[in-house]
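Enquirer: Below is the structure I would like to discuss, written out as structure tokens.
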Amino acid sequence: MDFKAKTQLGTNFVLSILDSITQTLGFAWFMLIVQKYGGTSVGSVERIQSVAQRVYKTVKAGNSLVVVVSAMGKTTDGLVKLANEISTSPNRREMDMLLSTGEQVTIALLSMALQEIGQPAISMTGAQVGIVTEAEHTRARILHIETDRLSRHINEGKVVVVAGFQGISSNGGLEITTLGRGGSDTSAVALAAALQANFCEIYTDVPGILTTDPRLVPEAQLMDQITCDEMLELASLGAKVLHPRAVEIARNYGVPLVVRSSWTDEPGTWVTSAKPQGRSLVNLEIARPVNSVEFDTDQAKVALLRVPDKPGIAARLFGEISRQQVDVDLIIQSIHEGNSNDIAFTVTTPILKRAEAVAAAIAPALRSQSNPKSAEAEVMVEQNIAKVSIAGAGMIGRPGVAAKMFATLAEAGVNIQMISTSEVKVSCVVDAAECNRAVTALRSAFEIEEKGDEEITKDKLIHLSPSSPVCGVALDVNQARLAIRQLPDHPGMAAKLFGLLAQHNISVDMIIQSQRCRMVDGVPRRDIAFTVAQMDAERARELLSQAALELGWGEVVLDSAIAKVSIVGVAMVGQPGVAAKMFEALAQHQINIQMIATSEIKISCVVSQEQGVKALQAIHTAFDLAGSEKFVVPA
């Protein structure tokens, strides 16, 4: 029976079958399961009683159970409102004391509800269950979980009901800490990892993980399964079903996840991951962020300089590339002064001639219609390059990781020619002659053993791919773009720039370097652009403007009216037409692409903010991701 068929049976049905088999065979069989219920799932006494019945049914199927719950309904919002009525800037320690009470109400009520129907249960706070965190109020990360007390209650046949979102500090002060947004998801998956549970169920108000936000596309389709890497990208792009920190833990420790609706017995969506290498449960959330150093020396770069900045250009170029069966790896479109952009892409060396021929053939047609006398796009080809990458789920929300990579390459005298980023990988194109030096330096900096290095092979990724190249489309309207003009093109510039932002805890998402290099005062210079969260944008602009004066950089330009639309799918590898289809969908709706960045499993385009929703809807339709059923998200 295939995986999809198994999921259609539903978890409860599978458990009941296995229980019947083991009874027949005459030995005790059980699974250890962690279940997590969000605020809407426990939003009233009736809903808590319904959760108790679901928990009771799972236990009676022969399983041990730990249940993690959030605060009831909008309780946390109400507590925040109360705090703001008292203080315009509440003390963070006192906020943790206040907000942690919400979950404590829920655990006590659910434990009572279970006891009322004859199921032994005990409620435990994060501190009581042994969730030890950093001494960082309102945004602590989990260090380890002391499971002795928890395991004892499980072995006594009790359901342990745990307060999500909270823990206790490791500094000996017994301070209550909270984990920040998505903390209950994080608590549940961390507990599953620490207890080596068979799987973790996340119960929410939607039937599973959908191909996009059903509030924007009601016909969004339910997925049977998705990989952790795909889920990390979607979660980080704003998909709110799972928090990226929870997915990161699941990926690092190989915890199977299933996202299900609290209101039905439908099987939901499984989030799968490869079996991880042995990983310590000490420093659970702050362990080494980078797992491997990857490299590919079989690369060449083709760049088209001065292409018109208008809808349809990328679609035209990559449409022809797709028709010629040219498989492209990295794609970067950088912003530039005036009404033109640069588009660069990498290919494997054996197909370089074909890629170069396509670019040369299409370049004369890429003139500005508003200025027919403008120069045609210039084709620039560069061989003897290599792609060097660091990969690891621990990069999420840690701005210093990319900066450390750039600083490491600078110290090794390696100049960066292209940069491409995703949530689980940062890739840099460098001179092929510098590849070994770059890999050695990065391995040393991130403490990666030699066996952790990995040469990138497309075959390795292809065999993991499902039938559809794209599993989901996401929209992020909470980003702003910063561009720095005329940055000196020599080793260390990216390190200084992103190191400065990392020092001030500002995370960067997309990073694009222009391909045009201009001589200014005898110094080669390039433009660089990147996106940050809107809430960090003005602060980043002020920091960089000051640095520009001190270091001789050019103007710093901020644009907050942007949106980032992305497609995600592990099956993109080896399918040349995926990018072309995305770009064509945007062109058909006259949506101009301002920036492009790609990784192996993601393509992101920056468009104007006012066209963001239309862009998402157009791309979702183009990849035929809509289902026949319309989903309504509960209020």
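Enquirer: If you count, for each residue, the other Cβ atoms within 10 Å and average over each peptide, how do 291-298, 124-131 line up from highest to lowest?
Expert: Listed from highest to lowest mean packing, they are 124-131, 291-298.
Enquirer: Per-residue counts of other Cβ atoms within 10 Å, averaged by peptide: what ranking do you get for 471-479, 81-89, 519-527, highest first?
Expert: Descending mean neighbour count gives 471-479, 519-527, 81-89.
Enquirer: Grab the Cα-Cα distance for residue 378 and residue 282, subtract it from 0.36 nm times how many residues apart they are, and report the gain in nm with one decimal. Can you show the working numbers first?
Expert: On the way: separation 96, 0.36 × 96 = 34.56 nm, distance 5.36 nm.
Result: 29.2 nm gained on full extension.
Enquirer: Once you have all Cα-Cα distances for the stretch 170-226, histogram them in 5 Å bins from zero and send the whole-percent values.
Expert: Answer for the stretch 170-226: a P(r) of 4, 14, 15, 17, 19, 13, 8, 5, 4, 2, 0 percent.
Enquirer: Same structure again: Could you go through the stretch 209-220 in sequence order and give the Karplus-derived ³J(HN,Hα) for each residue, using 6.51 cos²θ - 1.76 cosθ + 1.60 with θ = phi - 60°, rounded to whole Hz, and x for Gly and Pro?
Expert: 9, 9, 5, 6, 5, x, 6, 9, 9, x, 8, 3
Enquirer: Also, quick follow-up: Roughly what % antiparallel, to the nearest 5, for the DSSP beta bridges in the stretch 18-177? Write out the running numbers ahead of the final one.
Expert: Numbers: 5 of 21 bridges.
Here the antiparallel bridges make up roughly 25 percent for the stretch 18-177.
Enquirer: Assign one of three labels to the stretch 31-272, namely rounded, prolate or oblate, based on the Cα gyration tensor with a ≥ b ≥ c the square roots of its eigenvalues; rounded applies when a/c is under 1.5, prolate when it is not and a/b is larger than b/c, and oblate otherwise.
Expert: rounded
Enquirer: Using alpha-carbon pairs under 8 Å, 6+ residues apart, how would you state the relative contact order of the chain in percent?
Expert: Taking the mean separation of contacting Cα pairs over the length of the chain, I get 13 percent.
Enquirer: I need to check one value: relative contact order of the stretch 31-272, counting alpha carbon pairs closer than 8 Å and at least 6 residues apart, in percent.
Expert: Result for the stretch 31-272 is 21 percent.
Enquirer: If you don't mind, another one. Roughly speaking, what % of Cα-Cα pairs in the stretch 489-574 are separated by over 22 Å, rounded to a whole number?
Expert: Result: 35 percent of Cα pairs exceed 22 Å.
Enquirer: Here's another thing I want to ask about it. Within the set of other residues whose C-beta is less than 12 Å from the C-beta of residue 120, count the net charge using Lys and Arg as +1 and Asp and Glu as -1.
Expert: Residues near residue 120 contribute -1 overall.
Enquirer: By its C-alpha gyration tensor, with a ≥ b ≥ c as the square roots of the eigenvalues, how is the stretch 570-633 shaped: rounded for a/c under 1.5, else prolate for a/b larger than b/c, else oblate?
Expert: oblate
Enquirer: Does a label point 7 Å from the Cα of residue 216, set along Cα-to-beta-carbon, have any residues of the stretch 618-632 with amide nitrogen under 13 Å, and which are they?
Expert: 618-621
Enquirer: Follow-up. Tell me, what is the FRET efficiency for residue 415 and residue 87 to the nearest 0.05, using R0 = 56 angstrom and their Cβ-Cβ distance as r?
Expert: 0.65
Enquirer: Could you tell me which of the pairs 404/564; 310/404; 310/630; 387/581; 275/387; 275/614 are separated by over 30 angstrom between their Cα atoms in the structure shown?
Expert: Long pairs (Cα-Cα over 30 Å): 310/404; 310/630; 275/614.
Enquirer: By how many degrees, 0 to 90 and rounded to 10, does the Cα axis of helix 534-551 deviate from the longest principal axis of the chain?
Expert: Approximately 40 degrees, to the nearest 10.
Enquirer: Hey, another quick one. Counting other C-beta atoms within 10 Å, and keeping those with at most 14, which DSSP coil trypsin sites (Lys or Arg not before Pro) do you find in the stretch 258-302?
Expert: 279
Enquirer: May I have the pair-distance distribution P(r) for the stretch 309-361, computed from all Cα-Cα distances with 5 Å bins from 0 and rounded to whole percent?
Expert: 4, 18, 30, 24, 14, 7, 2, 0
Enquirer: Using helices alone, I'd like the mean residue ellipticity at 222 nm for the chain: each DSSP H run of four-plus residues gives -39500 (n - 2.57), total over residue count, nearest 500.
Expert: -10500 deg cm²/dmol
Read-outs: derived from the displayed coordinates by stated rules, not from any lab. These numbers were taken from a predicted model, which means no experiment stands behind them. Here the Cβ is made from the backbone with ideal geometry for all residues, glycine too, and neighbour counts use every protein chain on show.
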